[in-house]
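A.B. asks: Please see the structure below; I have some questions.
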Amino acid sequence: MSDMPEKFINEEGLRLDGRQVNELRPLKIEVGVLKRADGSCYLELGQNKVVAAVYGPREIHPRHLQNAMETVVRYRYNMASFSVDERKRPGPDRRGVEVSKVSREAIGPVVLKEYYPRSSIDIFVEVLQADAGTRTAGINAASVALADAGIPMKGLVSSCAVGKVDDTLVLDLMKEEDNYGQADMPIAMVAKEDKITLLQMDGHLTNDEFKKGLEMAISGCKKIYEVQKKALIDAYS
Ligand code: ADP
């Protein structure tokens with residue numbers, strides 16, 4: 001694990017990686033990278049590298065989970081053991097279960113579930129390289145992979161975090177900012193509807209900081225939405 005930096009923001013107002021406080025990390029999205037999945041996406045957000053694969057709608061197993069009225073959306077977030085500095089123990093852990101749950105709840109509301117009763121739509125997110133913000137990177141990739149699979153949706157879900165370091169709000173935390181910062185607030189939203197589907201908070205923000213931070217995160221999500229849309233348009237044109 002890296003050491004805590006003395007300062008997160010220098011005299012010029014720039015962060016450890018040279019970004020402005022309200023600047024996202026470079027974002028790269030590739031659609032349809034896996035042959036056997038119904039939909040897939042490879043996404044890089046700064047040093048994060050994630051792959052999302054979507055299978056379905058398909059017959060659900062075990063059968064007793066079947067819902068006669070709508071499809072069941074399942075989401076599995078997994079961090080590869082080589083994705084972090086010190087080897088992560090493979091397999092599910094508490095954090096993975098939590099991230100899978102909140103990510104499913106962030107994405108689920110946009111899927112038109114009633115179209116496919118008695119089936120499941122399974123979303124798998126594999127984190128190949130982690131540098132903070134992997135749940136947001138995963139949600140962005142999963143949303144594109146769902147669209148690539150042709151799943152009918154109300155809109156794309158876009159996600160990014162805002163946080164606080166050196167008493168200053170910063171968009172899209174990198175690892176040092178996440179590990180040693182004062183707050184971390186990931187959000188997800190349906191950008192075209194201004195509807196928030198995920199809001200978590202670690203640390204402390206004042207009321208004013210919360211309001212300003214939320215605005216920053218929303219504007220970050222809207223920028224991500226444009227990149228997601230462009231990646232899909234480019235892939236299908
Ligand atoms: P997120 O990746 O969504 O920001 P967290 O805030 O829980 O989720 O984690 C922040 C970062 O901490 C991760 O992106 C990763 O770089 C690091 N991290 C998380 N879990 C582990 C782990 N088991 N071992 C090493 N580093 C980890």
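The values are calculated or read from the model by the stated rules, or taken from the named source; none is laboratory data. The structure displayed is predicted, hence computed values, not measured ones. Reconstructed Cβ throughout: ideal geometry from the backbone, glycine too, with neighbour counts over all protein chains shown. Calculation scope for accessible area: heavy atoms of the full protein, side chains included, ligands and nucleic acids excluded. Shrake-Rupley method; radii C 1.70, N 1.55, O 1.52, S 1.80 Å.
A.B. asks: Between K28 and E86, what is the spin-label point distance in nm, taking each point 7 Å from the Cα along the Cα→C-beta axis?
C.D. replies: According to this spin-label approximation, the distance is 3.0 nm.
A.B. asks: Also: Under the definition of Cα pairs under 8 Å and six or more residues apart, what whole-number percent is the relative contact order of the range 1-111?
C.D. replies: 13 percent
A.B. asks: First select every other residue whose beta carbon is under 12 angstrom from the beta carbon of G18; then total the charges, Lys and Arg +1, Asp and Glu -1. Walk me through the intermediate numbers first.
C.D. replies: Details: positive: R15, R19, R25; negative: E12, D17, E23.
Net charge around G18: 0.
A.B. asks: Could you state the angle between the C-alpha long axis of helix 94-107 and the longest principal axis of the C-alpha atoms of the chain, as a value from 0 to 90 degrees rounded to the nearest 10?
C.D. replies: Roughly 70 degrees, rounded to the nearest 10.
A.B. asks: Karplus couplings for the range 218-227 from phi (6.51 cos²θ - 1.76 cosθ + 1.60, θ = phi - 60°), rounded to Hz, Gly and Pro as x?
C.D. replies: With coefficients 6.51, -1.76 and 1.60, one gets 5, 5, x, 4, 5, 5, 5, 4, 4, 5 Hz.
A.B. asks: Can you run phi through the Karplus equation (6.51, -1.76, 1.60; θ = phi - 60°) for the range 185-190 and list ³J(HN,Hα) in whole Hz, with x for Gly and Pro?
C.D. replies: 10, x, 10, 9, 8, 8
A.B. asks: Kindly give the semi-axes, whole Å and largest first, of the ellipsoid equivalent to the chain, taking each as the square root of 5 times a Cα gyration tensor eigenvalue.
C.D. replies: Details: eigenvalues 190, 69, 56 Å².
The answer is 31, 19, 17 Å, longest axis first.
A.B. asks: Let me ask something additional. Please report the antiparallel percentage of the DSSP beta bridges confined to the chain, to the nearest 5.
C.D. replies: On the way: 41 of 49 bridges.
So the antiparallel bridges amount to about 85 percent of the total.
A.B. asks: Between Q47 and K222, with labels modelled 7 Å along Cα→Cβ, what's the label distance in nm to one decimal, could you check?
C.D. replies: Distance between the two pseudo-spin positions: 3.1 nm.
A.B. asks: A further question on this structure: Would you work out the charge dipole size for the chain about its Cα centre, treating the Cβ of every Lys and Arg as +1 and the Cβ of every Asp and Glu as -1, and quote it to the nearest 20 debye? Numbers along the way, then the final one.
C.D. replies: Working: 33 positive and 36 negative charges, 245 e Å.
Dipole size: approximately 1180 debye.
A.B. asks: Separate question: Given a 1.4 angstrom probe, I'd like the percentage of the accessible area of the chain that is carbon and sulfur, rounded to a whole number. Walk me through the intermediate numbers first.
C.D. replies: Details: 5970 of 11840 Å².
About 50 percent, which is the carbon plus sulfur part of the accessible surface.
A.B. asks: Hey, how many Å between the Cα centroid of the range 29-63 and the Cα centroid of the range 167-186?
C.D. replies: First find each Cα centre; the distance between them is then 28 Å.
A.B. asks: Using a 10 Å cut-off on Cβ atoms, rank the peptides 152-158, 228-234 from the highest mean neighbour count down. Walk me through the numbers before you get to the answer.
C.D. replies: Details: 152-158: 19.9, 228-234: 16.6.
In decreasing order of mean packing, 152-158, 228-234 become 152-158, 228-234.
A.B. asks: Between T168 and A235, 0.36 nm times their residue separation minus their Cα-Cα distance comes to what?
C.D. replies: Result for the pair: 20.3 nm of gain on full extension.
A.B. asks: With every protein chain kept in place and ligands, DNA and RNA left out, what is the accessible area per residue of the range 27-236? Probe 1.4 Å, answer in Å². Intermediate results must be reported in sequence, preceding the final value.
C.D. replies: On the way: 9850 Å² over 210 residues.
For the range 27-236, the per-residue accessible area is 47 Å².
A.B. asks: Relative contact order for the chain: what is it in percent, counting Cα pairs under 8 Å that are at least 6 residues apart?
C.D. replies: Working: 533 pairs, mean separation 51.0, N = 237.
Worked out over the chain, it gives 22 percent.
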